[in-house]
Structure formats: structure tokens, C-alpha cells
1. Hey, does the range 18-33 have a residue that's at pLDDT 70 or above, among the hydroxyl-bearing types (S, T, Y) and either open to solvent by 40 Å² or more (accessible area, probe 1.4 Å) or within 26 Å of the chain's Cα centre (by Cα) (or both)?
2. Out of contact with any Ser or Thr (no Cβ under 6 Å at 6 or more places or on another chain), of a type in the set (A, V, I, L, M, F, W, C) and either in a helix (DSSP H, G or I) or modelled with pLDDT of 95 or more (or both): is that true of V327 in this structure?
3. List the pairs whose first member sits in the range 183-207 and is closer than 20 Å to E411 by Cα, whose second member is open to solvent by less than 40 Å² (accessible area, probe 1.4 Å) and part of a strand (DSSP E or B), and whose Cβ atoms are under 6 Å apart, counting only residues at least 6 apart or on separate chains?
4. What are the residues in the range 363-378 that are farther than 13 Å from R90 by Cα, out of contact with any Pro (no Cβ under 9 Å at 6 or more places or on another chain) and not aliphatic (A, V, I, L, M), if any?
5. Which one of the conditions (1) in contact with an Asp or Glu (Cβ under 7 Å, 6 or more places away or on another chain); (2) under 14 Å from R307 (Cα atoms) does A216 fail to meet, given that it meets all the rest?
6. So, in the range 217-266, of the ones that are at pLDDT below 95 and among the polar types (S, T, N, Q), which residue ends up farthest from V446 (Cα to Cα)?
7. Take the conditions open to solvent by less than 10 Å² (accessible area, probe 1.4 Å) and either closer than 17 Å to L132 by Cβ or not basic (K, R) (or both) and apply them to A385. Does it pass?
8. Tell me which residues, restricted to the range 390-418, are touching a Pro at 6+ places or on another chain (Cβ under 6 Å) and open to solvent by 10 Å² or more (accessible area, probe 1.4 Å).
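The values are calculated or read from the model by the stated rules, or taken from the named source; none is laboratory data. Predicted model, so just to flag it, every value in this text is computed and none were measured. Counting neighbours? That spans all protein chains shown, and the Cβs are built from the backbone with ideal geometry, glycine included. Surface accessibility is based on the protein's heavy atoms, side chains included, excluding ligands, DNA and RNA. Shrake-Rupley method; radii C 1.70, N 1.55, O 1.52, S 1.80 Å.
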Amino acid sequence: MPPASTTTTQVPTLVGGAASADAAAAPPPPCAPPPMVDAARFLSAEARARRPTSLKTLYKYAARPGMRVLAGGLPHPSTFAVRGLRGGTRLPDFDRGSGSQLPPGLPRELVLAEADTARLLQYGGGAGQPELVDAVRASVMGAGVPGRRPAYAERAPEAWEVVVSCGNTAALEQCFRCFLDSGDGLLVVAMDAEGLIPGALAGAIARFRSRHPGRACRVLYTVPTGQNPTGAVMGADRRAELLQACRELDLLVVEDDPYSYLMMPVAGETATASAVAAKGAGAQQQSPFPGIMGLPPTLQALDTDGRVVHLFTFSKILGPGFRCGFVSGYAPLVAAITLAGEAAVQTASGLSQGLAARFLASVGVAGLDAYARELQAEYAARRDAFVDAAREFLSVPGAGGLPLADFVVPEAGMFVWLRVNLPPTSPPDAMDRLFELLVERNVLLVPGRYFDSAWHASRVEQPRGGSSFLQALAAPDAPYLRASFSLAGRDEMRDALRELGATLAELWSGGDVKEAAARVAATAGVVVAEEEGDEGWVVVQAGDAPGTTLGPSFSLGC
């Protein structure tokens, strides 16, 4: 895998389909808006065959005032277990770490009356509760929020649609069902520190089409902001370049956007607004955090012909247990996704939709902007605490004088992508041994190979006569780890990174953990106090800080 400082794991993917798509539409006349894409060309066989559920087509009549409904198998609301709902919020009690002024009147409670729960707990349509769709259109995707709505929505509002989803995992599965056919291939495209490389995309498509005449790649999947696992953020120029490449290659784009509200100033600029202003117009100048008004433009905002489907989730804003988000994009494409959702889950939880709608309506655009800045301040503080500890404990010289691990400070999301500097003499299973040793010492990180598509393919039995080239690509020992700074406390993060540094030093030196702990601590300026336990455990103390258990003393030499 490439160095973390320049190139990252190859997660963004393209998928080839069976229908030919090499012939692009003729370019529009100068200054004229481009024609909208032919949505039917991108639909899978499953999506083309799917028809609306007959019973659900009656919903539009059931909503008519005075209609006596004898058609549906709907439970009577008097039998519902929940009658009304009241929940406190943390909105008025923010730590105000963002340095911004919170708007007055933020609600201390979200209240759903008995009439609300009677409606929300009933069966609903696949597009979601109308009040949530309206709230999303007015706030998250509001006309006054820069960089959210697609360009074509201004000239043709009816062409842009928003529907509720059960979060981005479910929405992505529905997109794949709508746009991919069984047996379609998978291409992995190279990334750098700014995310997916448009030139690499064009090269990969050209090679695929030359080797597989008559087959086409139809869909690009990407996470432009806070890419998982690397935290990479595409700049505005890269976004425009990527979308232009997709137009030229005639690709549909599925834009996964779970982390944009966790956008943070780059390290060292937390106290100024310069980084935010450089990222997008409309940034809040009194705060270094972008809120929702200073975020980079989505790919959807740059979309002129309806080829971008945007997935957004409330998991990082309201809580992942809500299982609620939305899909927005060109209406014919969104209609196909809606039908797929109805067949799979019908719709998101009514209570989740009702609470999300009440939240968005209560805070408005100004309140949501302030709320996002507070989230960004919290996550930036957590990231900075992680980075400080990582620099202290992982910059210790290891093999060949290199630091024990390198990393790039993320600008969005929840993760830091670590590259372990393995010595040339490392055995093939060095990362496996590192992972096992860390688990023994109560430190859990995600092995980098879990994000390697070739490694996953190598674990799946290939059909008889199928190609084994993916197994050959699977690196036996990818020297990467993904660490999260979102959940652990600051002391936990520091302790875990101290443990990681000591364990790496032990593995690379062939010494035991006590010696490694002393060397790491001495290099980092930490005072070491040894306390022998029943199993030879070592405690490291930094000043007056509580002791940190490093684990039983045994070694694995390389």
C-alpha cells in the first residue's frame, strides 16, 4: 500500500455494468444548460423490472380529508403502546467551544404530542414523513445554505427530489441494487492525500473498456469529505475536476456524505478562521469552525445534469440509533431508490423521523449552523488530543531511524490513518502479530487490510473458472492501522497510544516491553516508575498522572 503521507488506501470504487455506455451525448450549445441524463440508462435490470406496490398507490387517496378508509390493514392508533413523547436536548447547554454565539430560544425539549405519535407510528410511504422532507429542504439542503443544492434545482425545481432513508448504509445498498447488476465488476481507483485522483479514474476506465469491449462502468462511489479511513477532504478544484471527469466518462456518482458536519480546521489553525475561509464561501468569520455555512460544496451542488445521487445521514448529528437520513438527487433516479427502499424496509422509523423533523424545525438554519460548529469544536479537540499523543509516542525513532508510525492529520470525520514503518526484515505476519499483541494489552485498532478490497476478495470463494487475480493483489501484510478519536476519553487515547508506541518499539527491537516502555517514555519526556505485579506488569507514569498498565512483559522479535 502507498505511503500515508502521499497516497492512501484505495477505497473509492467504480463498478462496471453490462450495458454499453461508451457513447456520450453530444455537448450542448455554448451557454445553454446541459441536458439531464437519461436516468433509465443507469438503472439495473432489477430496478427496471420493479413496479410500485399496488396497495401503496392508494395512500394518496387515504390522505384526502373526509375519506372513509376501509382499504388498508392499518392498526388503530388507540392500540399503540406510545402516546406522546418528550425528550430533553443538550442545545442550550453547549460548552461553546466553537467561540460562536448560539441563537436564542433553542429548545430544551423536543415534544411529540399524542396526535403526532398516532400518525408517526402508523405505516408510511417510502418517501418518508412529509414534515421531515420539508424540514430537510428548509435547513440541511436549504436554498440559503451554500454548496448543498444542485445547480439544476434552480431552473427545474421539480427535477430535484429528497426522500427519507434509514441512514447511509441502507441507502447505499439500495443504490447498488438500483444501479448495478449481478456479476458486475469492481474497479479500485488510486487516491492521494486529497482523495480520489480524477486522472487515475480516467485511466482505470480506459483500461477496463479496452479489455472488456461492450461492457461499461456506470457508477462511481466516493466520500469527498472525511473519507473513511483516511479522513481525506477534496478541495473545491478537485471536486470540480472529478465531476467533469465523470461527465466525460458518462458515470453516475453516488456521493456518500456522513462526515461533512464533522469538518475541522487543519491542525495549528484552530484559533483562526483562515482555513475555513479558504474551504468555502460564507464561512463564519467569528469562529474557526465552518458550521454548515462554510462547508466545501458537495458534488451534488456542482451537478448540472442530474448524475449525482447524494446520501446524507443524521447518525453523526443526532445519533446513529436514529437510523435516519435522506437521499437527494435527480427525481427519476431517486424514485427508483424509493421503490427499492419500500421493498426492503418500507421507510425509516416514524418516531425517528418525527424527532428529527421537530429538531430541524426548532433550531432553524441559524441554530443548525451553531449546533454544527459546536460538534466540530468537540471533535477538533478530540482529534488534537489524539494527534498530540501520537506525535509524542509514535515519533520515537524505530527501524532505520524512521518514526514508529506516520500519519496525516485529518480535516474531517473521526479517524486517523496510521502507517507503521516496518523494518525490511519483518516477517509476513508482522501486522497480525502486532494486532494480537495490542489486543492482549487492551488496545483495539482496525487493521488496514480491512479496507483493502483485494484482501476481502481473497476471503471469498471464487466461482469455478473465475479469475484469481484479486487474490494475487491482496497484500499479505498491509502496514496500516485505523484509529478513532471519537469515543475514547482523552486519557484513554493517550494511554492507548503510549501502549502502541511501546509495543512497536518492542517488536522492532526484539527487546521486552519494560525496556521498550522505558525507551519510549524517555524519548517522550515521561518519568517511568516500575511496579512489579503478579505477572510482571509495568506501570508508566507521566508526572502526577495515574499509572497506565502496559501489559505482561514478553517479546516477539522480528
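1. No.
2. no
3. Every condition considered, the pairs that remain are L196/T222.
4. E378
5. Among (1) in contact with an Asp or Glu (Cβ under 7 Å, 6 or more places away or on another chain); (2) under 14 Å from R307 (Cα atoms), A216 violates only (2).
6. Of everything passing the filter in the range 217-266, Q227 is farthest from V446 (Cα to Cα).
7. Considered against the rule, which asks whether it is open to solvent by less than 10 Å² (accessible area, probe 1.4 Å) and either closer than 17 Å to L132 by Cβ or not basic (K, R) (or both), A385 comes out as no.
8. Within the range 390-418, S395, A399, F415 qualify.
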